[in-house]
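Here's the structure we're looking at; comments come further down.
Nothing in this text is a laboratory measurement; each read-out follows from the coordinates by a stated rule. These numbers come from a predicted model, not from an experiment. Every residue, glycine as well, gets a Cβ built from its backbone with ideal geometry; the counts of neighbours run over all protein chains shown.
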Amino acid sequence: MFLFALCLYLGKLVSSGGSLEFRYHNTVEVERYLRDVNNTFDFTHLHSIGKSVEGRDLWVLILGKNPAEHRMGIPEFKYVGNMHGNEVVGRVLLLQLIDHLTRGYLSDPLVTRLLNSTRVHILVSMNPDGFESSSRDCMYSQGRFNKNGIDLNRNFPDAFSKKESGMREMEVRAIMDWLKTESFVLSANLHGGAVVASYPYDNSNGGSELQSGSSVAPDNDVLIQLAKTYSYTHSQMHKGDHCYDSKDFKEGITNGYYWYPLPGGMQDYNYVWGQCLEITLELSCCKYPPESDLPGLWDANRAALLAYMQQVHLGVKGQVLDAEGNPLQNALVEVEGRQNLCPFRTDRHGEYYRLLLPGNYTFRVTFPGHQVLMETLTVPYGPDSFSALVHNFQLQRSAAATPGPSRPTQSCTPPQVWRPLGGHSPSLGPSGVTILLVLLVLRDTMLL
Ligand SMILES: *[C@@H]1O[C@H](CO)[C@@H](O)[C@H](O)[C@H]1NC(C)=O
Ligand SMILES: *[C@@H]1O[C@H](CO)[C@@H](O)[C@H](O)[C@H]1NC(C)=O
Ligand SMILES: *[C@@H]1O[C@H](CO)[C@@H](O)[C@H](O)[C@H]1NC(C)=O
Ligand SMILES: [Zn+2]
C-alpha cells in the first residue's frame, strides 16, 4: 500500500501546491506532463511535428479556445524552447507557462482573454537529444548541438548566404514543415548565455539592409517594439546588465547582426519565408543554472512572456476577397515603404495578418487577373483590445495583364534539396577533428 502510494506520488510532476515543480524534467517526464495536460484540459491539443535524430518526438502543445484547428481571425502564435540542448531556462519557463495558462484559463482575466483571442503553440524542446546529452554547466557547449553535431540555429536556409548546402537536419525540417501547415504571425525562440532580446536580421550580405553595423529589416520599427515589449516587461532585461564578457545591451535589446552575424538562423527564416516575425530571447547568463534559481527566473519572465504574446494583436488582419466575396489564396498584401524580401501573401483561407505600429499605412493588394487595389488604413493599437484592426480587401476583375508585386522579387522558395541524413555527420580526418574541437572550446564562451 505504501509502495503503491509512493509510486502514485512519484508519477505526479505536480507538487502538493498544485503547480508544476521547479526542476529539470527529462524528455520522458515532459512527454508525460504534456499528455496529462492534453487529457485534462479541453482547450489544449497535443501533437508531434516530427522526430529528433535519435527518434524523440518534437511535441507541440496548442492552447486556445479552439485548439485543434485554425479559426478565422484568430492569429497563430508560437514559442520554441531549447533549440540549443544545453540552454535549458526557456524549456523550464515554457513548461511553467503551460502550467500558468492551463490553471488560469477562465479564472485569470489576462490568460482568458489571451487564449480566447489567440491560438498558442508551444514547442518546449526543439532539441531533446541535445538536452539529454548536456552537462549542467553555465558556459560550455556540451549538448548544444543535435545528435549529428549540428548547430540547429545555423542550419536553416539563409536569404543572405551565397553558399547554401541545402542539407537540413531532421529537427530543422520539422520546423520548416510546421511553418507550412500553420500561418504563424508572431514567435519567439528561447536561448541562454546572455540577457537580451535580439531581433532580425541576424545576417547580411552587405546590401542596402546593412546600416551602421546593423542588418535592418523592412519591419525594423515593429521588431524593435516587440523586443522592447519583452525587455521592459522583464524585471531586469531592460537595464542592459551584461554577462561575463558580452556587450552592454542598451534597453536590453539588440539587432541580431549588430551583435554578431549569424547565417542559417531560425529567426531570419521565420521572417523572410514564413512571414512570421520572430525574435530571439536570451534569458540567463548561465545556460544551465542550479534548480534553486528557477523560481526567480520564472518571476522575472512571467509577465514578459504574456505581454509578448499579446503583441500578436498589433496591426491589421482580414481577408482578400474577389468581387463575389470568395477568399483568394496567395494574393500579395504589401505595405508601402516595407519591401519585404518575400511579399506577404494570403493563406489558404484568403487571410492575411500584418503586424504594424499605430499609424497610417497604404496597402497594395494584387492578385492575377484582378485590378491592383491601393487602400490607406489608419491602424490603432490592437493589443489592449486583444484584436488587430479587421479589414477585408475586395478586388475587382481586370481584363488587363496580370499585375505582379510592386517590384521584382528574388525567388521566394527556399532551397529544397535535402539529403537524407542517416544519423551521421560528414566525416572529418583526425586532424580535422582536433582543429574542430580546439575551435569549439575557444568559441564556447561566445556561443549563445
Ligand atoms: C489528447 O487528448 C485527446 C482527448 O482526450 C486524445 O484523443 C488524444 O489521443 C490525446 N493526444 C495525445 C497525443 O496524447
Ligand atoms: C472566453 O471564452 C469562453 C468560452 O467561449 C467564454 O465562456 C468566456 O466568457 C470568454 N471570456 C472572455 C473574457 O472573453
Ligand atoms: C492618419 O490619417 C488621419 C485621417 O486622414 C489623420 O487625421 C491622422 O492625423 C493621420 N495620422 C498620422 C499619424 O499620420
Ligand atoms: Zn542558443
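Taking the Cα centre of region 95-148 as reference, the dipole from Cβ charges on Lys and Arg (+1) and Asp and Glu (-1) amounts to some 140 debye. Computed 3J(HN,Hα) for region 183-196, one whole-Hz value per residue from the Karplus formula 6.51 cos²θ - 1.76 cosθ + 1.60 where θ = phi - 60°, is 8, 5, 9, 9, 7, 9, 10, 9, 10, x, x, 7, 10, 6, glycine and proline marked x. Report the paramagnetic label zone for residue 54: residues of region 126-157 whose backbone N is under 15 Å from a point 7 Å from Cα along the Cα-to-Cβ axis. Backbone N within reach: 126-136, 142-150.
Quick one: compute the contact order of region 233-359, relative version, from alpha carbon pairs under 8 angstrom and 6+ residues apart, as a percent. Before the final figure, lay out each step's value.
Details: 129 pairs, mean separation 26.4, N = 127.
Dividing the mean separation by the residue count of region 233-359 yields 21 percent.
Put simply, the amide H of residue 253, placed in the peptide plane, has neighbours under 5 Å in 197, leaving out anything fewer than 5 places away on its chain. Decide, for region 2-313, between rounded, prolate and oblate: order the square roots of the alpha carbon gyration tensor eigenvalues as a ≥ b ≥ c, take rounded if a/c falls under 1.5, and otherwise choose prolate if a/b is larger than b/c, else oblate. Rounded, since a/c falls under 1.5.
Between the alpha-carbon centres of region 170-226 and region 265-313 there is a gap of 12 Å. Taking every C-alpha pair closer than 8 Å and separated by at least 6 residues, the mean separation divided by the residue count of region 2-313 gives a relative contact order of 21 percent.
A straight chain from residue 142 to residue 323 at 0.36 nm per residue would run longer than the Cα-Cα distance by 59.3 nm.
Considering only DSSP beta bridges where both residues belong to region 47-183, give the percentage that are antiparallel (nearest 5). Walk me through the numbers before you get to the answer.
Working: 7 of 12 bridges.
Restricted to region 47-183, the bridges split so that about 60 percent are antiparallel.
Mind running the shape call on region 239-314? Use the C-alpha gyration tensor, a ≥ b ≥ c as the square roots of the eigenvalues: rounded below 1.5 for a/c, prolate if a/b tops b/c, oblate otherwise. The shape class here is oblate.
Taking all Cα-Cα distances within region 203-338, those exceeding 25 Å account for 39%.
Across region 375-386, rounded Karplus estimates of 3J(HN,Hα) from the backbone phi angles (6.51 cos²θ - 1.76 cosθ + 1.60, θ = phi - 60°) give 9, 9, 10, 9, 9, x, 8, x, x, 4, 9, 6 Hz, Gly and Pro being marked x. Please report the antiparallel percentage of the DSSP beta bridges confined to region 316-394, to the nearest 5. The antiparallel proportion sits near 80 percent.
Given H placed 1.01 Å from N in the peptide plane, which residues other than close sequence neighbours of residue 41 have an amide H under 5 Å from its amide H? Answer set, sorted by chain and number: none.
Determine the alpha carbon to alpha carbon distance for each of 51/287; 65/250; 51/250; 51/163 and list only those over 32 Å. Intermediate results must be reported in sequence, preceding the final value.
On the way: 51/287 24 Å; 65/250 38 Å; 51/250 39 Å; 51/163 27 Å.
From 51/287; 65/250; 51/250; 51/163, over 32 Å: 65/250; 51/250.
By the rule of a C-alpha distance below 13 Å, with chain neighbours fewer than 8 residues away ignored, the aspartates and glutamates paired with residue 78 are 182, 278. The phi-based Karplus calculation (6.51 cos²θ - 1.76 cosθ + 1.60; θ = phi - 60°) puts the 3J(HN,Hα) values of region 339-356 at 8, 5, 3, 10, x, 5, 10, 6, 8, 5, 9, x, 8, 9, 9, 9, 6, 9 Hz, whole numbers, x for Gly and Pro.
The amide H of residue 369, built 1.01 Å from its N in the peptide plane, has 402 as neighbours under 5 Å, considering only residues 5 or more places off or on other chains.
Classify region 92-178 as rounded, prolate or oblate, taking a ≥ b ≥ c as the square roots of the eigenvalues of its Cα gyration tensor: rounded when a/c is under 1.5, otherwise prolate if a/b is larger than b/c and oblate if not. Because a/c hits 1.5 or more and a/b fails to exceed b/c, region 92-178 counts as oblate.
Distance between the 7 Å Cα→Cβ label points at residue 384 and residue 28: 5.2 nm.
Computed on the Cα atoms alone, the convex hull of region 316-394 gives a volume of 92 cubic angstrom per residue.
Percent relative contact order of region 316-394, based on C-alpha pairs within less than 8 angstrom and at least six residues apart? Let's see the in-between values first.
Details: 161 pairs, mean separation 28.8, N = 79.
In percent, rounded to a whole number, it is 36.
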